[in-house]
Amino acid sequence: DVKVTQSSRYLVKRTGEKVFLECVQDMDHENMFWYRQDPGLGLRLIYFSYDVKMKEKGDIPEGYSVSREKKERFSLILESASTNQTSMYLCASSLADRGLNFEQYFGPGTRLTVT
Amino acid sequence: GESVGLHLPTLSVQEGDNSIINCAYSNSASDYFIWYKQESGKGPQFIIDIRSNMDKRQGQRVTVLLNKTVKHLSLQIAATQPGDSAVYFCAEASGGYNKLIFGAGTRLAVHP
């Protein structure tokens, strides 16, 4: 079974802090994604990566950056946390099979609260 | 508990009834669609998918119907059980890198 793990289930940070959210997948997937999930808005893509050291902006990249130094690990960074970044953050991974299978496998999520 | 889905539309059904969850998608060029189930405190889990060259696909107790003419997708759950209570998301995909665009979700509440 594909396993996607996230470093924390719950985090509480103060405004202005630098925050790191870590995600690790164990199935050698090429693609990795970071979403945030807010009530009534579904999942919104922040950033994704299709290879080591490669990254692309999603729909809401402002205030975030990412790092992918190893294939299995994709980190989301909040350079200076703000209260409007309080949310559930979901990491996902998928194979890069050129359109045959778009299924993404999700981690359990990190509930981040910024005070 | 989780606050996911506080403002979601809710479908309430009796245990044993069939459920139909609807989804409208936006991009007529989308060629792949997928349904996810998210239980409280968990990440979304794959239920079933369908490509645009099909109009129906069946799984175990679930059926997905695709109407490309009106850009509509539905998920049918037969004999709904309490364990089916969750938030259900549809998603569409087109283009490269396996990007998915998610809908806002529907909460399914199953009553005994």
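Which chymotrypsin sites (Phe, Trp or Tyr not before Pro) in the range B:16-87 sit in a loop by DSSP (not H, G, I, E or B) and have at most 16 other Cβ atoms within 10 Å of their own Cβ? Don't skip to the end; give the middle numbers.
Working: sites: B:25, B:32, B:33, B:35, B:36, B:46; in loops: B:25.
Sparse-neighbourhood loop chymotrypsin sites (Phe, Trp or Tyr not before Pro): none present.
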Which residues, if any, in the range B:10-59 have at least 30 Å² less accessible area in the whole protein complex than in the isolated chain, probe 1.4 Å? B:32, B:36, B:41, B:43, B:44, B:46, B:51
Once amide hydrogens are built 1.01 Å from N within the peptide plane, the residues lying 5 or more places from residue A:96 or on another chain with amide H under 5 Å from its amide H are A:30, A:31
In the range B:50-112, if every C-alpha pair distance is counted and binned at 5 Å from zero, what percent goes to each bin? 4, 14, 22, 24, 20, 10, 4, 1, 0
Which of A:49, B:28, B:94, A:7 is most accessible, then next, and so on - probe 1.4 Å: B:28, A:7, B:94, A:49
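DSSP loop (so not H, G, I, E, B), at most 16 other Cβ within 10 Å: list which trypsin sites (Lys or Arg not before Pro) in the range A:9-100 pass both filters.
On the way: sites: A:9, A:13, A:14, A:18, A:36, A:44, A:53, A:55, A:57, A:68, A:70, A:71, A:73, A:98; in loops: A:9, A:14, A:18, A:53, A:71, A:98.
Of the trypsin sites (Lys or Arg not before Pro), the ones in loops of the range A:9-100 whose Cβ has at most 16 other Cβ atoms within 10 Å are A:9, A:14, A:18, A:53, A:71, A:98.
Which whole-number percent gives the relative contact order of the range A:65-115, counting Cα pairs below 8 Å spaced six or more residues apart?
Numbers: 60 pairs, mean separation 17.9, N = 51.
It rounds to 35 percent for the range A:65-115.
Let me know the whole percent of all Cα-Cα pairs from the protein assembly as shown that are separated by more than 25 Å. Walk me through the numbers on the way to the answer.
Details: 10283 of 25651 pairs.
Every Cα pair in the protein assembly as shown considered, those over 25 Å come to 40 percent.
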Taking only the Cα positions of chain B, the convex hull volume per residue in Å³ is 103
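Find, among the GluC sites (Glu not before Pro) in the range A:66-109, those assigned to loop by DSSP (not H, G, I, E, B) with at most 14 other beta-carbon atoms within 10 angstrom.
Those that pass, being in a loop and sparsely packed, are A:79.
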On the accessible surface of chain B, probed at 1.4 Å with all protein chains in place, carbon and sulfur together account for a percent value of 48
Can you give the direction-averaged projected area of the convex hull of the alpha-carbon atoms in chain A, in nm²? 6.9
Counting only protein heavy atoms and rolling a 1.4 Å probe, one gets per residue an accessible area for the range A:1-53 in Å² of 50
Under the Karplus curve 6.51 cos²θ - 1.76 cosθ + 1.60, θ = phi - 60°, whole-Hz ³J(HN,Hα) for the range A:23-35, x wherever Gly or Pro sits: 9, 10, 10, 10, 10, 6, 6, 6, 9, 9, 9, 10, 10
Calculate one ³J(HN,Hα) per residue across the range A:4-18 by plugging θ = phi - 60° into the Karplus curve 6.51 cos²θ - 1.76 cosθ + 1.60, and present them in order as whole Hz with x for glycine and proline. 10, 10, 10, 5, 9, 8, 9, 9, 10, 10, 9, 3, x, 6, 8
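The values are calculated or read from the model by the stated rules, or taken from the named source; none is laboratory data. All values derive from a computational prediction rather than experimental measurement. We place every Cβ from the backbone using ideal geometry, glycine too, and count neighbours over all the protein chains shown. These area figures cover heavy atoms from the full protein model, side chains too; ligands, DNA and RNA do not enter into them. Shrake-Rupley method; radii C 1.70, N 1.55, O 1.52, S 1.80 Å.
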